[in-house]
Amino acid sequence: MEQHNERIDSASRIINAPVHRIYLALLDPMAVVKWRPPSGMECEIYEFNPHVGGKYRMAFKYLNAENEVLGKTSADSDVIQGVFVELITDRKIVEQVKFKSDDPVFDQEMKMTTRLTPVNEGTEVTFIAENVPEAIKKEDHDEGMQATLDNLAKFTEIANRIS
């Protein structure tokens, strides 16, 4: 049974990199495994088709999950399934995202929008998560989204300095 709530979480950061470099990093699976997982996790991609209607499936695995149940899918992992709903080059990516979980409090669809706005300092990147499952603590989600933005900044700003 699909459940939706009205919770919206968001995070934003200015990244000192051109908008197109960031857009490409959002859609390149080789880049995604490096910047998308929050701290303490690694990413493995099983499927990734970055076009409108394209699906993806990936797992975030906890690096230090010894004897702790941390994951939504298994004791040490979160499997994420998604579909690219809208892609506007260098401006916006909209995804429908769902954690694979036997627990119905996590097995709910979220809408994730990433907005890219050119600014003098580079690019303002904003994540907006709609219909966030109540079981995901707001403070944990906020921290995770900010960590992901920080990772994206490190990944794209380093690449920016090299080229």
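The values are calculated or read from the model by the stated rules, or taken from the named source; none is laboratory data. Nothing here was measured: the structure is a model prediction, and the numbers come from that model. Cβ: placed from backbone, ideal geometry, glycine included. Neighbour counts: every protein chain shown.
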Can you pull out every residue in the stretch 135-153 that is loosely packed, with under 13 Cβ neighbours inside 10 Å and either touching a residue at least 60 places away in the same chain (Cβ under 8 Å) or within 22 Å of Thr89 (Cα to Cα) (or both)? Lys138
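Here is a yes/no grid of residues against (1) modelled with pLDDT of 95 or more; (2) part of a strand (DSSP E or B); (3) closer than 24 Å to Thr156 by Cβ:
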site: Ala59; (1), (2), (3): no, yes, yes
site: Glu66; (1), (2), (3): no, no, no
site: Val83; (1), (2), (3): yes, yes, no
site: Val97; (1), (2), (3): no, yes, yes
site: Val125; (1), (2), (3): yes, yes, yes
Can you pull out every residue in the stretch 14-43 that is in contact with a helix residue (DSSP H, G or I) (Cβ under 7 Å, 6 or more places away or on another chain) and free of Cβ contacts under 8 Å to residues at least 24 places away in the same chain? Cys43
In the stretch 1-13, what residues are of a type outside the set (A, V, I, L, M, F, W, C) and either modelled with pLDDT of 95 or more or in contact with a helix residue (DSSP H, G or I) (Cβ under 8 Å, 6 or more places away or on another chain) (or both)? Arg7, Asp9, Ser10, Ser12, Arg13
Search result, residues across the stretch 99-122 that are at pLDDT 70 or above and hydrophobic (A, V, I, L, M, F, W, C): Phe99, Met110, Met112, Leu116, Val119
